[in-house]
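Taking it in order: structure first as structure tokens, then the write-up.
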Amino acid sequence: MQEYIKINNHYIDKLLYNFICEDLSNDTISFDDSFWLTLSNNLSSLEKKRKTLIKERENFQDKINKWHIENKINFFNKEDYKNFLYKIGYLVPEREDFKIKTKNIDDEVSSIAGPQLVVPLLNARYAINAANARWGSLYDALYGTDIISNKGKLKISNNYNHNRGAEVIKLAKNHLDKYFPLAGYSYQDVKNIEIIDSKLSFFTSDSAIVKLANEKQFIGYIGQKKSPDEIILEQNGLKIRLQIDKLDPIGKSDNFNLKDIKVESALSVIMDCEDSIVSVDTFDKVSTFKNWLGLLDETLQVQISKNQKSFIRKL
């Protein structure tokens, strides 16, 4: 049986009340009784306007219903019907063309071309997978798909296939050569990478120091200038991350210790609360809100069992 807490003339489901007062409250903001009183007062002040708008909509519908009844034996005349809708105020004259000038929109939505995912927020596993899809491993994509032949020495097996892995690295570096070319060299020739005078410098096997053909593609780095852990490059607004780790099993066997290439993939996600799920009652809504909160504070996680093994999926 549902329990409610009375605030003025409104009744708040205790489950929702506890979620907001306990889960949402933190050192920065506190949702106490003053919050509920303010909410209740605002709802009361808007009630008259809400009823007026609903009554206006009912009046429109009554007039439209009456028109159809009175004209049911007549051949439908589009212009007559349109004039009628203008007359009752259901339609209004079009204004002059104008441009929407919304400001401060994130590039991921306004200017960068890329996939957008839609997932049910009530499903924590789907929500985590979608959030993590912002970056995908190029190595994993090449290794696990038929971009590379799955026959002979390159066939996928239960254990790591070193021949297939070598082909993955070869294709990945060809990808770098094509979209992030070096001036006169290939990534296959690189032995070390450093940042010198805020510019990316590649040291080759023949002791040359080369730059990117387009140095504007260098966006930033993580780690030390002489031994960066990650290099961030950009092409057409989309970024890739060269992850360097000489201790990693794959990295230590690479000519410049490249362990993986992360590619920017799903730029944005619609965390859906309405279409792919029907979050209506209090329990579903609070469960949905808790997943959203977990995404925001990066605590959302779920245990997954696969092939008789369990692991934690998280951000």
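For the range 152-161, indicate whether the set of residues that are part of a helix (DSSP H, G or I), crowded, with 18+ Cβ neighbours inside 10 Å and without any contact (Cβ under 8 Å) to a residue 40 or more places away in the chain is non-empty.
no
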Checking Q243 against (1) farther than 30 Å from P115 by Cα; (2) polar (S, T, N, Q); (3) touching an Asp or Glu at 6+ places or on another chain (Cβ under 7 Å), only one condition comes out false. Which one?
(1)
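Under 30 Å from Q303 (Cα atoms) and either of a type in the set (A, V, I, L, M, F, W, C) or out of contact with any Cys (no Cβ under 8 Å at 6 or more places or on another chain) (or both): which single residue out of S110, S149, S157 fits that description? Lay out the reasoning, then the answer.
Numbers: S110 fails: under 30 Å from Q303 (Cα atoms); S149 fails: under 30 Å from Q303 (Cα atoms).
Every option except S157 fails the conditions.
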Please count how many residues of the range 126-151 are in the same structural domain as Q188 (by TED's automatic domain parsing), buried (at least 16 other Cβ atoms within 10 Å of the Cβ) and β-branched (V, I, T).
1
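For residues that are among the hydroxyl-bearing types (S, T, Y) and more than 31 Å from the chain's Cα centre (by Cα), scanning just the range 202-226, find the one that is farthest from Y179 (Cα to Cα). I'd like the intermediate steps shown before the answer.
Let us first name the residues in the range 202-226 that are among the hydroxyl-bearing types (S, T, Y), namely 204-205, 207, 221.
With more than 31 Å from the chain's Cα centre (by Cα) added as a condition, the list becomes 204-205, 207.
Details: T204: 19, S205: 22, S207: 24 Å.
Filtering first and then ranking leaves S207.
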Listing of helices (runs of 4 or more DSSP H) fully contained in the range 1-91 that carry 1 or more residues being surrounded by fewer than 12 Cβ atoms within 10 Å (Cβ to Cβ) and within 40 Å of the chain's Cα centre (by Cα):
33-70
Residues to consider are D245, D284, D260; find the one that is surrounded by 14 or more Cβ atoms within 10 Å (Cβ to Cβ), in the same structural domain as P120 (by TED's automatic domain parsing) and either touching a strand residue (DSSP E or B) at 6+ places or on another chain (Cβ under 7 Å) or closer than 22 Å to I128 by Cβ (or both).
D284
Reported set for the range 206-243 where residues are farther than 18 Å from G136 by Cβ and either touching a helix residue (DSSP H, G or I) at 6+ places or on another chain (Cβ under 9 Å) or among the aromatic types (F, W, Y) (or both) is D206, A208, V210, Q217, F218, Y221
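The values are calculated or read from the model by the stated rules, or taken from the named source; none is laboratory data. Because the structure is a prediction, the values reported are computed rather than measured. Note that each Cβ is placed from the backbone with ideal geometry, even for glycine, and that neighbours are counted across all protein chains shown.
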